[in-house]
Structures are given as C-alpha cells and as structure tokens.
Amino acid sequence: MHDDDTHHIRSASGARRGAGASAPGVRPSRTQARRRSKDRRRRMRRRRAVFAGAVVAASAVAAFLLVTPPWRDDGAAVAAGREPDRSTSPTATAPEAPASREASVRPTPSKSSEPPEGSPGPEEPVDPRSVPSSGPGTFTVAHGGATSGGGGSRYRVEVEDGIGVDPDRAAEDVAAILADPRGWTEGASRAFRQVDDNSAGLVIRIGTPSTTDRLCGRYGLNTRGEVNCRGGKNVMVNLARWQLGSPTFDGSASEYRALIINHEVGHWLGHGHETCPGTGRPAPAMMQQIKGLKGCVSNAWPYDAKGRYLGGPSVP
C-alpha cells in the first residue's frame, strides 16, 4: 500500500476517534468503555456474517459445477459416425449399416458384467419347455418408462403377444442396459429415451424363434431359430436367447441380455464387427463372439468401468 493511502486511512481513523472517543488525556467513563466494547462486538458479528455468506455462495457454485453433467443432444458424434437429427422426421433411422445377424454370448463373470445398479434383480431360471417356438406375429408396445419429451435417441420396445414376457418389464431391462455407463451412454456422451409412438428411430422387438426368423428373413438373414438380427432401425431379439441365455454363457439370462442389446444397438449406431485385440483381453462387444473368442475373454460391454473403449481391429 502506498504512503499516501496509509495517510488517508490513518486520518480517517483519527477523525473517527475524535468524533466518538474522549479527547487524549481524558480517561473514558465506564459507560463509554462499555459502549465501545459493544460496538466492537457488533462489527465483528457483521464481518462473520458476511464471510459465512460468501462461503455458502462459493460452495453452491462449486456444487453446481460438480453435479451438472455434460449432456449432449441427438446430434452428438459417436465413434463410427454421427447420429441423425430426429427432430424433423418421426421415422428417421440411424446411420445405415449392413443388416446384421448375431448371437450374443456370455460376458465373463466379473465386475464388468454385473447388472447395473438399479437394474432389475436376479430372475428365477426359466424352464426351456415354457418358451414357445412360435407366436401370432403381433406385438404389444411397452408403455412403462416411456416419455413424451426430453432429449436423447428415441427407441421403442415391443414384445410378441402371448409369449410370457411382460412388455413393461422387458423395457425396464432394456433401459437399465442402455443407461449403464459401460454401455453406449459412456461419459454421458449419448442418451437414450424410451417412447411408445412412431417417433422412435430404433425399435427393439422380442419375438419367438419362428417370428424372428420370418422378420429377419426380410433382410436376407437366416437366423435358424437361434440368433438375433438387426436390419435398418429394427432389432429382433430371439425369445429363446432372451429367456434362456446361451449354453456357452456362465451367467444369468439377465446378464446375457446386456451383450444382445449392446451388440445390436452398436450396429444401429453404425459400428461394424471387430475382432480380438489380443490374448487375455476383453472381447469387443462388437465381436461375433459366438464364432470363437480367438484368445480373448467374453465381455458384454463396449466400455470398461474407467470409460475406455473395449474395441479391436475391424473385420472387413
């Protein structure tokens, strides 16, 4: 601080002292001493209140910065292309990719393949004899969990009638998989939103093996009553795989479903097939794991818990 500033401060202080205190050499009375003591305490309380208010305000700003997620809209870029703007067309589709036929197989029983927090709990094993091989070919749209507004890529869940699967429960399973941070929403870079109308750009259907074969056959795919497929904006999930998992899968059917959804939705997003990146490493979710792991270990998720993409070399 400069000398002239010091002079002004001292002068002001002296002026205050001259106005409110006894003159030098005159001993203040007890009443004056008590009054000055009260004034000092009052000033200290005001200073503490101002400081506390500043701390609370700073804490509120810091909390806002920490908890506000970096959401992006439907136009956010993805690894293999950009998501189309669905605001102009209720039936817009994702980037075109060849129709795919894929049987999803087991993720390794590990922390990375545990059901996401808040997802439906373990289910009782399903008797294979209770899974119908054919159905009427008509579907019921899931309404539970559907929203009419908000951002994110819109999808619809449908279940074939009379096959023993509740549409709303199936939609709950799909939503938990799509929302998992190890899935395609990694780092909040993408969001998915369930709808129950024709605005969906992605349709996930669960149907009997016979119905799956028929609908996948429209894209020239032979699913042989065993596997799933994706063609255009439509994903067909084979009921047997949804309910029973796979003979090569060590986990529960609910765990197995994660690979089914992640693989087929990955195709819808424009991702092609990948292969094993190295012995002992997680098999990419976009790998055709049913054909062999080539030294990798089974894995259901495109990202790990630290947000690293679990990919591999592209397959021509």
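Observations
- Positions within region 295-312 being surrounded by 21 or more Cβ atoms within 10 Å (Cβ to Cβ), more than 12 Å from Asp180 (Cβ to Cβ) and either under 17 Å from the mean Cα position of the chain (by Cα) or among the hydroxyl-bearing types (Ser, Thr, Tyr) (or both), in sequence order: Ser298, Leu310
Table: residues versus (1) free of Cβ contacts under 8 Å to residues at least 40 places away in the same chain; (2) out of contact with any strand residue (DSSP E or B) (no Cβ under 6 Å at 6 or more places or on another chain); (3) farther than 16 Å from Val126 by Cα.
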site: Ser199; (1), (2), (3): no, no, yes
site: Glu226; (1), (2), (3): no, yes, yes
site: Met236; (1), (2), (3): yes, no, yes
site: Ser246; (1), (2), (3): no, yes, no
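- Filtered residue count, region 224-252, keeping only those that are touching a Pro at 6+ places or on another chain (Cβ under 8 Å) and either farther than 18 Å from Val297 by Cβ or among the polar types (S, T, N, Q) (or both): 7
- Members of region 183-216 that are under 29 Å from Ala305 (Cβ atoms) and part of a helix (DSSP H, G or I): Glu186, Gly187, Ala188
- Residue in region 110-121 that is modelled with the lowest pLDDT, counting only those that are closer than 25 Å to Ala283 by Cβ and surrounded by fewer than 12 Cβ atoms within 10 Å (Cβ to Cβ): Lys111
- The condition of being touching a strand residue (DSSP E or B) at 6+ places or on another chain (Cβ under 6 Å), buried (at least 21 other Cβ atoms within 10 Å of the Cβ) and at pLDDT 95 or above holds for only one of Ile206, Ile261, that being Ile206.
- Checked across region 286-293, the condition of being surrounded by 19 or more Cβ atoms within 10 Å (Cβ to Cβ), under 21 Å from the mean Cα position of the chain (by Cα) and over 19 Å from Met236 (Cα atoms) holds for no residue.
- Restricting Gly272, Gly266, Gly295 to those that are modelled with pLDDT of 95 or more and over 13 Å from Trp184 (Cα atoms) reduces the list to Gly272.
- Looking only at region 126-157, and only at residues there that are more than 14 Å from Asp196 (Cβ to Cβ) and among the β-branched types (Val, Ile, Thr), the one that is nearest to the chain's Cα centre (by Cα): Val126
- In region 214-232, the residues that are surrounded by fewer than 18 Cβ atoms within 10 Å (Cβ to Cβ) and in contact with a Phe, Trp or Tyr (Cβ under 9 Å, 6 or more places away or on another chain): Gly232
- Residues being part of a helix (DSSP H, G or I) and of a type in the set (Ser, Thr, Tyr) - total across region 234-289: 2
- Residue within region 144-165 that is more than 16 Å from Met236 (Cα to Cα), among the polar types (S, T, N, Q), touching a residue at least 24 places away in the same chain (Cβ under 8 Å) and loosely packed, with under 14 Cβ neighbours inside 10 Å present: yes
- Hits in region 122-143 - residues which are part of a loop (DSSP other than H, G, I, E, B) and surrounded by fewer than 14 Cβ atoms within 10 Å (Cβ to Cβ): Pro122, Glu123, Glu124, Pro125, Asp127, Ser133, Pro136, Gly137, Thr138, His143
The values are calculated or read from the model by the stated rules, or taken from the named source; none is laboratory data. From a predicted model like this one, the values you see are computed outputs, not experimental measurements. As a convention, Cβ positions derive from the backbone with ideal geometry for all residues, glycine included, and neighbour counts pool all protein chains shown.
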